[in-house]
Amino acid sequence: MFKFISDEMKPDAVFWGGDSVPHNLDTLNEQTNVEIIKNVTQAVATGLEGYKVYPAIGNHDTYP
């Protein structure tokens, strides 16, 4: 996805809509959410390096 965005779409900015944490609410806790968000953030930063990325926090990103 990131390669396609970078190579084909070449946007002026990227709006990251949040909800990076999966919806399996019964297995999530604060620490797992932090780790997931760190991993996704690293993937976005690496995959879209050089692009302006505007993140939003989704409702699942803050649960529990």
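No value in this document is a laboratory result; all are computed from the given coordinates. It should be emphasised that the depicted structure is a prediction, and the values quoted were computed from it without experimental measurement. We place every Cβ from the backbone using ideal geometry, glycine too, and count neighbours over all the protein chains shown.
Annotations
- The residue list Phe2, Phe15 contains one member that is over 11 Å from Tyr63 (Cα atoms), in contact with a helix residue (DSSP H, G or I) (Cβ under 7 Å, 6 or more places away or on another chain) and not hydroxyl-bearing (Ser, Thr, Tyr), which is Phe2.
- Among the residues of region 1-45, the ones that are without any contact (Cβ under 8 Å) to a residue 12 or more places away in the chain and either loosely packed, with under 14 Cβ neighbours inside 10 Å or not in a helix (DSSP H, G or I) (or both) come to 15 in all.
- Subset of region 21-34 (residues that are closer than 12 Å to Asp61 by Cβ and charged (D, E, K, R)): Glu30
- Any chance Asp61 is assigned to a helix (DSSP H, G or I) and exposed (fewer than 10 other Cβ atoms within 10 Å of the Cβ): no
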